[in-house]
Amino acid sequence: MSVKYSSLLPQDEGRLCTCSHKIDHPVSSRWMMTSSSSGSRYWLYSFFLNATKSGRSPYQGSSDEVNRLWEDLYNDFAISLITGKEAARLPNATSPMAQEPTKYMVQLDVFHQLHCLNLMRKLVYPSVFNLDLTSGSEEAEENLDHLEHCYDSLRQALQCNADLSTIYYEWVPERNRLVGNLATTHTCKNYDSILQWARDHQYKGPLDYTAKVEGVPIRHVSHVSGGESLHHHM
């Protein structure tokens, strides 16, 4: 079986950079790119946070500042425009842009995944976000459908990108036992560079999802759920 695959990012993105990794304290790090390869912009060594009481992440909580940080990860980058040549390399056909018919519209799935994770984060704070899931109303049914779509999308993404970084074990005298340490080193895609690609290809005009463009691929569905990407502003 052969699989057609093409990346929208530069072709040498898969080359790992030579990175110097400095740990400032147990739950943070800094990186300095030392490779001259353009592909190095898309890879770095990352030191993950434990994200526990002893090392919380700025993305934990329900404050306005935390909400803004989450939305900044994805909310401005719903639709990217690519050329016809780039679109032809993709494994699936996509629609031309009605407002710019020489360009084609795509969305990087990482932004959809972060939208889903952010929605699930809000479930932890019901007194703040008040998502209706239990009233039996149409809104509650749509919310449930959306969340079921989201958690299974994340399951598929996690299995697809199966992270093989290792959690290691240390002796903790205060607890008199071995404890797994989640603050481990990972080789990651450079998210800042991915955001920059999205900024460079961002469509900033009004979106009309009812405009049928010549050449658009057709998909028939028996049911349109809250998980369908009909509303890309997330």
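FYI, it's all coordinate maths here, none of it is from the lab. Predicted model only: the values in this text are computed from it and were never measured. FYI the Cβ positions are ideal-geometry reconstructions off the backbone, even for glycines, and counts take in every protein chain you see.
State, as an integer percentage, the relative contact order of the stretch 93-188 based on alpha-carbon contacts under 8 Å between residues 6 or more apart. It comes to 16 percent, rounded to a whole number. As a length-normalised measure over Cα pairs under 8 Å and 6 or more apart, the relative contact order of the stretch 69-133 settles at 33 percent. Between the amide H of K103 and those of M97, distances stay under 5 Å, these residues lying 5 or more places away or on another chain, with hydrogens modeled in the peptide plane. Counted by neighbouring Cβ atoms within 10 Å, the residues M120, M97 run from fewest to most as M120, M97.
The aspartates and glutamates whose alpha-carbon is closer than 20 Å to the alpha-carbon of K103, local same-chain residues fewer than 8 away aside, are D76, E86, D200, D208, E214. What FRET efficiency would be calculated for the residue pair V221, T166, taking the C-beta separation as r and a Förster radius of 41 Å, to the nearest 0.05? Rounded to the nearest 0.05, the efficiency is 0.50.
Please order Y168, Y191, Y203 by the number of other Cβ within 10 Å, starting at the fewest. Don't skip to the answer; put the middle values down first.
Values: Y168 11, Y191 14, Y203 18.
Fewest to most other Cβ atoms nearby, the residues stand as Y168, Y191, Y203.
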